[in-house]
1. What percent do you get for the relative contact order of the chain when only Cα pairs under 8 Å and 6+ apart count?
2. So what's Rg/Rh here for region 1-44, counting alpha carbon atoms and using the Kirkwood radius for Rh?
3. Tell me which of ALA175, TYR53, ILE251 sits at the most positive position along the dipole axis of the chain, charges placed on C-beta atoms (Lys, Arg +1; Asp, Glu -1).
4. Taking amide H atoms as placed 1.01 Å from N in the peptide plane, list the residues 5 or more away in sequence, or in a different chain, whose amide H sits under 5 Å from that of SER115.
5. Could you pull the Cα extents of the chain along its three principal axes, largest to smallest, in whole Å?
6. Any idea how far apart SER326 and LYS296 come out in nm if each label point goes 7 Å out from Cα toward Cβ?
7. Quick one: dipole size for region 191-345, taken about the Cα centre, charges +1 on Lys/Arg Cβ and -1 on Asp/Glu Cβ, in debye to the nearest 20.
8. For region 1-134, report the % of Cα-Cα distances exceeding 18 Å.
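Read-outs throughout are calculated quantities, based only on the coordinates presented, and are distinct from any laboratory measurement. Since the model is a prediction, treat every value here as computed from it, not as a measurement. FYI the Cβ positions are ideal-geometry reconstructions off the backbone, even for glycines, and counts take in every protein chain you see.
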Amino acid sequence: MKWRIVKGEKKDAMRFFELLKQNAVFLFAIGNTRTAEIPGITVAGANPDLIRYTPPADVELLCYGKCRSIDAIPATPDGKPTPALITYTAIRLTKVPFFVVDSGLMVKPKTPHISIGAPVGGNIKDGAAMSVDEVKESFERAKKLGEQMSKLADVLIIGESIPAGTATAGAVLRAFGVKAAVSSSMPSNPVELKRSVIESAVKRVRSDDVFEVISEVGDPVMVGVAGIACGSSKPVLLAGGTQMAAIAHIIKRIDEGRDISIATTVYVAEDDTADIAEISPVTVVAADPGLADSAKPGLRAYAEGFVKEGVGAGGATLLAYARGLSKQEFLKEVEGDYERIVELA
């Protein structure tokens, strides 16, 4: 099976799948939170010093087929590649246009990009992520961007890249009274560490106002994605895991009628710590890139609990399937890109 419904009605899932066959535009909101500086909370980079380079390197890979800010593509400490590799393959094959959105970066990417003027997020364990004014102003700029981008397409697909985004997502969900998902890019998920950070952060929340919650325990990428979605005049597919579930709650609290769904990977859907079906307020579909059948250990690792999702990988895989690729064809293309970008490099 290439993809399946995790939550929601079949007609809603099929409507988005059919939309992907039409004019689509992919946007990638990327940013940083200093929450990622907490030791052990993320492996989104080969070492802590490189974490700030992970988001720009991810989109550089999408743009050029290689990274320019760092010498190699982002990877876990033992070499498992960024999910941007999967997204790169899907975009290369479908030729869907994409745009990079600076939503609070420490390091700017060496690609064309659009800025919404968002700040870098603070460490939510120690204090507020952003000021309420910064959140509201960045949201309004992102909303204008979504308004303009939606004139170009029948559907917007939005992916993200932000190290430690699962921790801030868990905090926002907890602040909203939803189960605090603690998904991770590692099989040995640092659940207790994340729960500790989330609980410390949520204790400071004194309001149920959506912008105040984001400013206290969220991150700037949430602001960018939610703003773009709320500004769009067309349906929006949120491509990601628990971060997108938290963002879906934000969007629905701002605009209940907004037409959104989530596309993730089967690796997130099968992750009990993510529990994406329970925490999402909208339809969720899961695409299977077929990596369990790969001859490459670095790719097979995804099916073994590593990395799982990011940089829109689930939505990009679904896009490839909507455009007619078989699961076997897509896997072969991903393996070819892996050989060229990872092994030969």
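1. Values: 824 pairs, mean separation 87.2, N = 345.
Worked out over the chain, it gives 25 percent.
2. Taking Rh as the inverse mean 1/r over Cα pairs, Rg/Rh reads 1.20.
3. Value computed over the given set: ILE251.
4. Those lying under 5 Å, H to H, from SER115 are ASP102.
5. For the chain, the Cα extents along the three principal axes come out at 51, 41, 37 Å.
6. With each label placed 7 Å out from Cα toward Cβ, I get 2.1 nm.
7. Numbers: 16 positive and 25 negative charges, 60 e Å.
It works out to roughly 280 debye.
8. 63 percent
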